[in-house]
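These notes concern the structure reproduced below.
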Amino acid sequence: MKAVLGLDTSNYTTSAAWFDGAQGHNEGRLLEVQPGRLGLRQSEALFQHVKRLPEIVKGLEQREIQAVGASTRPREVEGSYMPCFLAGASFGESMAHVLNVPFYAFSHQQGHLAAAAWSAGRLDLLEQPFLAWHLSGGTTELLKVEPEGCSVRAEIIGGASDLSAGQLIDRAGVLLGLAFPAGKALDELAQTEIHSDCYAVKLKNLTFSLSGIENQIKELAARQKPPAYIASFTLNTIAQVVRRATQEAQARWPGLPVLCSGGVASNRRLRSVLTQAVFAQPQFSTDNAMGAAILTHRARKEEFG
């Protein structure tokens, strides 16, 4: 069966995916982070990606590959760069050369948006303007997205000015003794003590700061509040400020749909309050190569018909 191959080597996940225009499959694995640490140096991430990519690609079902694509940078803006994406980019270009097929480059953010739209059954969003959240360990951005060729162009209109939502979740999780990255475990912990308490984050022109909530979390831990209470408090705070920013953006751009992407978008507390938004399926909210594969298929179709 004919398909295209997509690759993504983000800061914490190595992934590869095939897509045939309708269906696809993603294989991915988190990078290893030592207990108690809050991340990896770029050199460490790059090394792990280089080692793992052949194994990840072998895990995919065999297809006749017609094109290869990869995320080569964090965002589709000048100067956007992160060394870990070199692994997928160089591996992908080499494969394309050997297979004598075209290679296409996209940004990690473009891939997230494409994967979210496809997994939600809304690929039509890529053909029209829409609002989007990119919520991850390194990014908490509210975007105004426009179609551009086979892909999309995203303009940042709001979001976090300091800590990303993913960083806050990971720091709270590690403080509570959870493994890094802590998103899934903190979500599970929060489900054991559901309450509505949160920190009142200030929202100004669709932008907000999350550094204050980190201090509140440390204070709650020092007062020996139950870990489940702190987990709920953390996620409530993120969910509420994202909800308020979304409502304000929809008031400014009425009628535009809202798409949520990125690992934090798999959080159940956030999904429960953003009822007006379109969410990726949880497995395609986290970093994955499916978006790169989808955009690669669209690019090949645009070039060759």
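The values are calculated or read from the model by the stated rules, or taken from the named source; none is laboratory data. Here the structure is a predicted model, which is why all the values come from computation and not from measurement. All Cβ positions, glycine included, derive from the backbone under ideal geometry; neighbour counts span all protein chains shown. Ligands, DNA and RNA are excluded from the accessible area calculation, which covers all protein heavy atoms including side chains. Shrake-Rupley method; radii C 1.70, N 1.55, O 1.52, S 1.80 Å.
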| remark: When the stretch 204-213 is checked residue by residue, the ones that are under 23 Å from the mean Cα position of the chain (by Cα) and surrounded by fewer than 18 Cβ atoms within 10 Å (Cβ to Cβ) are LEU206, THR207, SER209, SER211
| message | I'm told GLU155 meets every condition in (1) more than 26 Å from GLY36 (Cα to Cα); (2) in contact (Cβ under 8 Å) with a residue 60 or more places away in the chain; (3) more than 14 Å from the chain's Cα centre (by Cα) except one. Can you identify the failing condition by its number? | response | (2)
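What residue, of THR296, THR234, THR286, is crowded, with 24+ Cβ neighbours inside 10 Å, farther than 30 Å from ASN205 by Cβ and either among the polar types (S, T, N, Q) or modelled with pLDDT under 95 (or both)?
On the way: THR234 fails: farther than 30 Å from ASN205 by Cβ; THR286 fails: farther than 30 Å from ASN205 by Cβ.
Step by step, each of THR296, THR234, THR286 is checked, and only THR296 is crowded, with 24+ Cβ neighbours inside 10 Å, farther than 30 Å from ASN205 by Cβ and either among the polar types (S, T, N, Q) or modelled with pLDDT under 95 (or both).
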| message | Just to be sure before I move on: is GLN240 more than 27 Å from GLN66 (Cβ to Cβ), open to solvent by 40 Å² or more (accessible area, probe 1.4 Å) and not hydroxyl-bearing (Ser, Thr, Tyr) in the structure I sent? | response | yes
| task | Hey, can you tell me all the residues within the stretch 127-172 that are closer than 17 Å to PHE284 by Cβ and either touching a His at 6+ places or on another chain (Cβ under 8 Å) or not in a strand (DSSP E or B) (or both)? | result | HIS134, SER136, GLY137, THR139, GLY166
| field | Selection status of ALA116, in contact (Cβ under 8 Å) with a residue 40 or more places away in the chain and touching a His at 6+ places or on another chain (Cβ under 6 Å) | value | no
| request: Output yes when any residue across the stretch 42-52 is closer than 23 Å to GLN281 by Cβ and surrounded by fewer than 21 Cβ atoms within 10 Å (Cβ to Cβ), and no when none is. | output: no
| message | For the stretch 91-110, give me the residue count where each residue is in a loop (DSSP other than H, G, I, E, B) and open to solvent by 70 Å² or more (accessible area, probe 1.4 Å). | response | 1
| request: May I ask you to list the residues in the stretch 51-80 that are in contact (Cβ under 8 Å) with a residue 40 or more places away in the chain and among the hydrophobic types (A, V, I, L, M, F, W, C)? | output: LEU53, ILE56, VAL57, LEU60, ILE65, ALA67, VAL68, ALA70
| task | Return only the number of the condition from (1) under 12 Å from the mean Cα position of the chain (by Cα); (2) open to solvent by 10 Å² or more (accessible area, probe 1.4 Å); (3) at pLDDT below 95 that ALA280 does not satisfy. | result | (2)
| request: Mind checking which helices (runs of 4 or more DSSP H) fall wholly inside the stretch 196-305 and carry at least 1 residues that are under 17 Å from LEU163 (Cβ atoms) and of a type outside the set (A, V, I, L, M)? | output: 211-222, 227-252
| said: Can you find a residue that is more than 21 Å from the chain's Cα centre (by Cα), surrounded by 17 or more Cβ atoms within 10 Å (Cβ to Cβ) and in a strand (DSSP E or B) anywhere in the stretch 71-90? | reply: no
| request: Looking only at the stretch 216-224, decide whether some residue is buried (at least 16 other Cβ atoms within 10 Å of the Cβ) and under 15 Å from the mean Cα position of the chain (by Cα). | output: no
| task | For LEU60, indicate whether it is modelled with pLDDT under 95, assigned to a loop (DSSP other than H, G, I, E, B) and aliphatic (A, V, I, L, M). | result | no
| note | Scanning the stretch 2-30 residue by residue, those at negative phi, over 15 Å from the mean Cα position of the chain (by Cα) and either modelled with pLDDT under 95 or part of a loop (DSSP other than H, G, I, E, B) (or both) turn out to be ASP20, ALA22, GLN23
| request: Select from the stretch 246-277 the residues that are farther than 15 Å from LEU30 by Cβ and among the hydroxyl-bearing types (Ser, Thr, Tyr) and write down the one among them that is surrounded by the fewest Cβ atoms within 10 Å (Cβ to Cβ). | output: THR275
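Taking the residues in the stretch 181-195 that are part of a loop (DSSP other than H, G, I, E, B) and not small (Gly, Ala, Ser) as candidates, determine which candidate is nearest to the chain's Cα centre (by Cα). Before the answer, list the steps.
Just the residues of the stretch 181-195 that are part of a loop (DSSP other than H, G, I, E, B), to begin with: 181-182, 191-195.
Now restrict to residues that are not small (Gly, Ala, Ser): 181, 191-195.
Values: PRO181: 13, GLN191: 22, THR192: 26, GLU193: 26, ILE194: 25, HIS195: 27 Å.
Selected residue: PRO181.
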